[in-house]
Amino acid sequence: MPTQAKVEAVESLKARLSGVKTAVLTEYRGLTVQQLSDLRRQLRSAAAEYTVVKNRLAKRAVQGSPLEGLRSHLKGPTGLVISKQDPVALAKALQAFVKTNPLLQIKLGYVDGRLLQPPELRVMADLPSRGVLLGQVVGALQAPIAHVVHSLDGMLRSLVSVLDQVRAKRETTGS
């Protein structure tokens, strides 16, 4: 029979997991309390949170939710990173922390309905930020328009030059 505290813990975790776009399971074995505090601080700047979960309670919390695919990976000491915002920012923050603290092991990720293995999360961390990607798209959309404007400008310049030469020739010939 589950205790009231455990039922409340499961309900609290369910509430925090609702609407999550990104979740990453980690193994934190070997990290100090200070290192975990640093990780939490870095993730907070990426609009994410890190919490250590009890596997049995986490399995109940994800049951029947889109995160159910994580259930089979809830083994050993497990830390859960969740975010309702930009998954790339979260992946970048995690990757930066792992570079300086290789004891943090990434087990599995969930991004927008899809389970990702650690190498796929590393690839996502190497992507440019959302703002840079939007800038690249806008630049790509503007390039053809700029090319057309430049071509039309060149044609008009040529036409004006030809008309100026015709005018000059008429002035010299006196017609």
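The values are calculated or read from the model by the stated rules, or taken from the named source; none is laboratory data. Quantities reported herein were computed from a predicted structural model and do not represent experimental measurements. Quick reminder, even Gly has a Cβ in these numbers, built from the backbone with ideal geometry, and neighbours come from all protein chains shown.
Odds and ends about this structure:
- Selection of segment 81-121 for residues being surrounded by fewer than 15 Cβ atoms within 10 Å (Cβ to Cβ) and not charged (D, E, K, R) yields Gln85, Ala96, Thr100, Pro102, Leu103, Gly113, Leu115, Gln117, Pro119.
- Segment 61-75 - residue that is surrounded by fewer than 19 Cβ atoms within 10 Å (Cβ to Cβ) and either at pLDDT 90 or above or out of contact with any strand residue (DSSP E or B) (no Cβ under 6 Å at 6 or more places or on another chain) (or both) and, of those, farthest from Arg41 (Cα to Cα): Gly64
- Check on Leu103, touching a Leu at 6+ places or on another chain (Cβ under 6 Å), assigned by TED's automatic domain parsing to the domain that holds Leu31 and in contact (Cβ under 8 Å) with a residue 60 or more places away in the chain: yes
- Out of Gly76, Gly30, Gly113, one residue alone is in the same structural domain as Glu8 (by TED's automatic domain parsing) and either in contact with an Asp or Glu (Cβ under 9 Å, 6 or more places away or on another chain) or among the charged types (D, E, K, R) (or both). It is Gly76.
- Some residue of segment 29-40 being modelled with pLDDT under 90 and under 21 Å from the mean Cα position of the chain (by Cα): no
- Test set (1) closer than 13 Å to Leu25 by Cβ; (2) surrounded by fewer than 16 Cβ atoms within 10 Å (Cβ to Cβ) - Thr78 fails condition number: (2)
- Residue match in segment 123-138 (condition: at pLDDT 85 or above and of a type in the set (Ser, Thr, Tyr)): no
- Conditions (1) within 20 Å of Leu116 (Cβ to Cβ); (2) among the polar types (S, T, N, Q); (3) touching a residue at least 40 places away in the same chain (Cβ under 8 Å); (4) surrounded by fewer than 15 Cβ atoms within 10 Å (Cβ to Cβ); number of the one not met by Thr22: (4)
- Note on segment 42-60: residues that are loosely packed, with under 15 Cβ neighbours inside 10 Å and either within 11 Å of Leu13 (Cβ to Cβ) or of a type in the set (Val, Ile, Thr) (or both) amount to 2.
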